[in-house]
Amino acid sequence: MPITVKALQKEGPDKPFKVVEIERRDPRPDDVVIAIKAAGICHSDIHTIRNEWGHAHFPLTVGHEIAGVVEAVGSEVTKYQPGDRVGVGCLVNSCGHCEQCAAGEEQACLNGSVGTYDSRDVDGTITQGGYSQKVVVNERFVCRIPDSLGFMAAAPLLCAGITTYSPIATWDVGPGDEVAVLGLGGLGHMGVQIAAAKGAEVTVLSRSLRKADLAEKLGATRTLATSDENFFRDHRGEYDFILNTISAPIDLKSYLKLLKPRGVMACVGLPPEELGLPIGSLINGSKVLAGSNIGGIPQTQEMLDFCAEHHLGAWVEKIGVDEVDAAYDRVVAGDVRFRFVIDTATFEDAAPAE
């Protein structure tokens, strides 16, 4: 039988969130039923449900930073059992047999991966995300949350954590590397922690020094203001690796000049418009401009284990289900340090809308 749960849902991009009841599918033999304890708010949720990345499928529940406890498992599930602490990120399915899936890069599935929300599932339904009491997910897309990670701090790791961990791991950032993190928001604050834990010397690049104290607490050795008159001249050729986390337009040519020869800039923020590709800036110095899109399930588990080992987690503000509309406005205004997380226990006293 399908499972009926409370969820936050919008009926259109300009409508407020409402508590409603939705149906989760009747669990299949390879499914895991998860009682959600914490659901992080990602800027991608906002872009999607406000139709800023195209027309979403309404009514829609978003959320792909999910932490909770296994409540039940299907008859063929072997990895998990009731009571296990688990998480779900941006993906809930893929073909499972193409070259990319076989390599543990499910986000690049050649036959199309299935997103946690606003995506067409294998049964033709539109996936509904984690702003909810429960979710039903194929066991292949469930990760184990180590005991030392609290649910609130762990939930954003399922997107913000893997989004920043993946390029740092891919480009083998470590001791001796000079790393710059461009932007200190939900993504940047995880990038600083992870790069520092890998042994790199980390500098935060921000428009001002307003967050310098926070950057230091996160593990950065210094913060530089990119608005300073001679910033790009004074810091030319300093960095082995730049993690670009911002979603606003930037002058790529100027930022590429900050790299050492053979340096790498990895972009994880997605600006609303094309920035233009300065080929000459790449050829001169044999530099690399790369993109990175979350990571596969094996690497997501690796990231969770790394964060637990190094006592890393997202810095969060806990909110209730009645505070999400206001939280969205604060995210857009940059007024959060550094991730909002919904305490799903607050669904208990929330009456479904008429």
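The values are calculated or read from the model by the stated rules, or taken from the named source; none is laboratory data. For clarity, every value in this text was computed on a predicted model and none was experimentally measured. Cβ placement follows ideal geometry from the backbone for every residue including glycine, while neighbour counts extend to all protein chains displayed. For accessibility, only protein heavy atoms count, side chains too; no ligands or nucleic acids. Shrake-Rupley method; radii C 1.70, N 1.55, O 1.52, S 1.80 Å.
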Open item on the list: What pairs come out if I take residues in the stretch 244-264 that are on the phi > 0 side of the Ramachandran plot and pair them with residues that are in a loop (DSSP other than H, G, I, E, B) whose C-beta lies under 8 Å away, six or more apart or interchain?
Closed with: ARG262/GLY285; ARG262/SER286; ARG262/LYS287
Open item on the list: Of everything in the stretch 239-249, what is at pLDDT below 95 and closer than 18 Å to GLN193 by Cα? Give them in sequence order.
Closed with: ILE246
Open item on the list: Return the residues of the stretch 104-125 that are of a type in the set (Val, Ile, Thr) and assigned to a loop (DSSP other than H, G, I, E, B); say none if nothing qualifies.
Closed with: THR116, VAL122, THR125
Open item on the list: Looking only at the stretch 250-273, filter to residues that are open to solvent by 70 Å² or more (accessible area, probe 1.4 Å) and closer than 23 Å to SER166 by Cα; which one of those is modelled with the lowest pLDDT?
Closed with: PRO272
TODO: Please go through the stretch 113-129 and pick out each residue that is out of contact with any Phe, Trp or Tyr (no Cβ under 8 Å at 6 or more places or on another chain) and either at positive phi or not hydrophobic (A, V, I, L, M, F, W, C) (or both).
DONE: SER113, GLY115, THR116, TYR117, ASP118, SER119, ARG120, ASP121, ASP123, GLY124, THR125
TODO: Write out, first by first residue and then by second, each pair whose Cβ atoms fall under 9 Å of each other, whose residues are 6+ apart or on separate chains, and whose first residue, in the stretch 321-333, is among the charged types (D, E, K, R) while the second is surrounded by fewer than 17 Cβ atoms within 10 Å (Cβ to Cβ) and in a helix (DSSP H, G or I).
DONE: ASP322/THR346; GLU323/THR346
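Regarding VAL77, is this residue more than 21 Å from the chain's Cα centre (by Cα), assigned to a loop (DSSP other than H, G, I, E, B) and either among the small types (Gly, Ala, Ser) or modelled with pLDDT under 95 (or both)?
Working: more than 21 Å from the chain's Cα centre (by Cα): yes; assigned to a loop (DSSP other than H, G, I, E, B): yes; either among the small types (Gly, Ala, Ser) or modelled with pLDDT under 95 (or both): no.
So VAL77 does not fit the description; no.
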- [ ] Would you confirm whether any residue within the stretch 192-204 is open to solvent by 30 Å² or more (accessible area, probe 1.4 Å), among the hydroxyl-bearing types (Ser, Thr, Tyr) and not assigned by the TED database to the domain that holds ILE41?
- [x] no
Open item on the list: For the stretch 4-22, give me the residue count where each residue is open to solvent by 40 Å² or more (accessible area, probe 1.4 Å) and either in contact with a Pro (Cβ under 6 Å, 6 or more places away or on another chain) or hydrophobic (A, V, I, L, M, F, W, C) (or both).
Closed with: 2
Task: Checklist (1) of a type in the set (S, T, N, Q); (2) out of contact with any helix residue (DSSP H, G or I) (no Cβ under 6 Å at 6 or more places or on another chain); (3) in the same structural domain as ALA108 (by the TED database) applied to THR300, failing item - done: (2)
Open item on the list: On the basis of being assigned by the TED database to the domain that holds HIS47, within 21 Å of PHE340 (Cα to Cα), modelled with pLDDT of 95 or more and β-branched (Val, Ile, Thr), does VAL316 make the cut?
Closed with: yes
Open item on the list: With the structure loaded, tell me whether CYS95 is more than 17 Å from the chain's Cα centre (by Cα), in a loop (DSSP other than H, G, I, E, B) and among the hydrophobic types (A, V, I, L, M, F, W, C) or whether it fails that test.
Closed with: yes
Open item on the list: Just checking, does the stretch 23-41 include any residue being without any contact (Cβ under 8 Å) to a residue 24 or more places away in the chain, more than 21 Å from ALA160 (Cβ to Cβ), open to solvent by 10 Å² or more (accessible area, probe 1.4 Å) and not in a helix (DSSP H, G or I)?
Closed with: yes
Open item on the list: Can you report the number of residues in the stretch 49-67 which are in contact with a strand residue (DSSP E or B) (Cβ under 7 Å, 6 or more places away or on another chain), surrounded by fewer than 24 Cβ atoms within 10 Å (Cβ to Cβ) and part of a loop (DSSP other than H, G, I, E, B)?
Closed with: 3
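With the condition being over 14 Å from GLY89 (Cα atoms) and not aliphatic (A, V, I, L, M), I'd like the helices (runs of 4 or more DSSP H) fully within the stretch 126-200 carrying at least 1 qualifying residues. Let's see the steps before the verdict.
Details: elements: 151-154, 160-170, 188-197.
Helices (runs of 4 or more DSSP H) meeting the threshold: 160-170, 188-197.
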